[in-house]
Amino acid sequence: MIEAVKHINYFLQQIASNRGILTSHISLYIAMIRIQELQGYKNPFRITRRELMQTSAIRSFATYHKCLQELIIWGYIAYQPSYDTYKASQITFLFQSIEIVSKVSVEQLSG
């Protein structure tokens, strides 16, 4: 939980100068952090559109896809779609605070 809070704070610092960012971008990104947290802070991690839309409270497919594409373009995430209906797509956070990355790396090495 503390890692998620640190990640959110770091993200908010990074977006402070981004004039194009909207609440829907922030909601989607925070939903990604929540899903990553549920998966043990793995980076990359797996997501489904349905899960992200539900967690972020985004109801429009157009808004979801626009926000996802802009987060990719702005360099916040990398996205690897899955064209398999039974396999989730993959998200990679492209920046995280040093504390988060260090903790995740140690956990992945010991796990």
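Here are the numbers for this structure:
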read-out	value
Relative contact order %, region 2-110, counting alpha carbon pairs below 8 Å whose residues are six or more apart	30 percent
Leading residue at positive end of dipole, region 2-110 (Cβ point charges), from Phe95, Asn9, Ile73	Ile73
Cα gyration tensor category, rounded, prolate or oblate, for region 2-110 with a/c compared to 1.5	oblate
Amide proton proximity set for Ala88, modelled H, under 5 Å, gap of 5+	none
Rounded to the nearest 20 debye, dipole of region 2-110 from Cβ charges on Lys, Arg, Asp, Glu	260 debye
Principal axis box of region 4-55, alpha-carbon based, largest edge first, Å	30, 22, 15
³J(HN,Hα), Karplus 6.51/-1.76/1.60, whole Hz, each residue of region 26-34, x for Gly, Pro	5, 4, 5, 5, 5, 4, 5, 4, 4
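Bear in mind that the values in this text are calculations on the coordinates, not laboratory data. Small disclaimer: the values here were computed from a predicted structure and weren't measured. Virtual Cβ from ideal backbone geometry, glycine too; neighbours counted across all protein chains shown.
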